[in-house]
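Below is one structure, written out as structure tokens, with a few remarks after it.
A short reminder: the numbers here are calculations on the coordinates, not readings from a lab. Keep in mind the model is a prediction, meaning the values are calculated, not measured. Cβ coordinates were reconstructed from backbone atoms using ideal geometry, including for glycine residues, and neighbour counts include every protein chain displayed.
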Amino acid sequence: MAKYRYPYQKIVDLKSSEKTQAEWLLAAAVGKLEQEERTLERLEEERAAWLGRMQTEAASGASLAEIQMMQSYIEYLDAAIRRQQENVRLAREEKERRREHLADRMIDEKVWLKARERDFRHFMLMQQRSEQNELDEIASVRFVITAN
């Protein structure tokens with residue numbers, strides 16, 4: 001029996017490699033998104049803590065300068081939170097782009113794997129036909145020999 005060799009195996013390997021690379025890129029994008037979300041959460045927690053501290057200080061009779069300083073820092077944190085929210089949005093968009101890219105690579109790989117599978121089935125069918133023809137030929141020769 002002849003050994004099966006798919007003529008486009010290098011393309012199948014390339015598509016598989018592209019899919020693996022897309023998986024890595026998606027994993028990196030997910031990691032980046034999680035990092036950006038953690039940073040945003042930390043900023044929001046810090047803002048809440050400073051707001052609570054400012055309210056406590058105001059209730060206990062702190063000086064106007066101290067309260068204004070705390071208010072300025074809270075405003076700074078508000079701006080940082082807005083920037084971080086934008087970073088989170090961009091990271092989400094990047095993750096979605098990477099997910100779509102991976103989906104495309106998976107489809108490409110599947111198309112080529114199906115083509116290889118069809119080619120293998122065709123190869124096996126041709127092998128079976130060839131073997132059956134050889135068996136038929138052997139049977140015919142035996143019949144002719146025994147008939148004489």
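Here are some conditions: (1) surrounded by fewer than 12 Cβ atoms within 10 Å (Cβ to Cβ); (2) touching a Leu at 6+ places or on another chain (Cβ under 7 Å). GLU46 meets all but one. Which one does it not meet? Going through (1) surrounded by fewer than 12 Cβ atoms within 10 Å (Cβ to Cβ); (2) touching a Leu at 6+ places or on another chain (Cβ under 7 Å) one by one, GLU46 breaks only (1).
Any residue in the stretch 30-48 that is of a type in the set (A, V, I, L, M, F, W, C), closer than 30 Å to ASN133 by Cα and over 23 Å from the mean Cα position of the chain (by Cα)? Even if it seems obvious, please write down each step before you answer.
Restricting attention to the stretch 30-48, the residues satisfying the condition of being of a type in the set (A, V, I, L, M, F, W, C) are 30, 33, 40, 43, 48.
From what is left, the residues that are closer than 30 Å to ASN133 by Cα are none.
No, the stretch 30-48 contains no residue that is of a type in the set (A, V, I, L, M, F, W, C), closer than 30 Å to ASN133 by Cα and over 23 Å from the mean Cα position of the chain (by Cα).
For ILE74, the conditions (1) surrounded by fewer than 11 Cβ atoms within 10 Å (Cβ to Cβ); (2) farther than 30 Å from LYS19 by Cα all hold with the exception of (1).
Do any residues in the stretch 64-77 that are over 11 Å from TRP50 (Cβ atoms) have Cβ atoms under 6 Å from those of residues that are in a helix (DSSP H, G or I), where the two are at least six apart or on different chains, and which pairs are they? Every condition considered, the pairs that remain are ILE67/ALA58.
Every residue in the stretch 1-28 that is not in a helix (DSSP H, G or I) and not aliphatic (A, V, I, L, M), please.
At the first step, the residues of the stretch 1-28 found to be not in a helix (DSSP H, G or I) are 1-8.
Residues satisfying the conditions are LYS3, TYR4, ARG5, TYR6, PRO7, TYR8.
Scan the stretch 81-98 for residues that are within 16 Å of ALA28 (Cα to Cα), loosely packed, with under 15 Cβ neighbours inside 10 Å and either among the acidic types (Asp, Glu) or within 9 Å of the chain's Cα centre (by Cα) (or both) and jot them down. Result: GLU93, GLU96.
Being in contact (Cβ under 8 Å) with a residue 60 or more places away in the chain, assigned to a helix (DSSP H, G or I) and of a type outside the set (A, V, I, L, M, F, W, C) is the requirement here; does HIS122 meet it? Full working, then the answer.
Working: in contact (Cβ under 8 Å) with a residue 60 or more places away in the chain: no; assigned to a helix (DSSP H, G or I): yes; of a type outside the set (A, V, I, L, M, F, W, C): yes.
Considered against the rule, which asks whether it is in contact (Cβ under 8 Å) with a residue 60 or more places away in the chain, assigned to a helix (DSSP H, G or I) and of a type outside the set (A, V, I, L, M, F, W, C), HIS122 comes out as no.
Within the set ALA115, ALA80, ALA62, the sole residue that is more than 30 Å from LYS15 (Cα to Cα) and in a helix (DSSP H, G or I) turns out to be ALA80. Scanning the stretch 101-133 for residues that are acidic (Asp, Glu) and surrounded by fewer than 12 Cβ atoms within 10 Å (Cβ to Cβ) turns up GLU117, GLU131.
Please go through the stretch 6-53 and give me each residue that is among the hydroxyl-bearing types (Ser, Thr, Tyr) and farther than 30 Å from TYR76 by Cβ, ordered by number. Full working, then the answer.
Step one: list which residues in the stretch 6-53 are among the hydroxyl-bearing types (Ser, Thr, Tyr), which gives 6, 8, 16-17, 20, 39.
Scanning the stretch 6-53 gives TYR6, TYR8, SER16, SER17, THR20.
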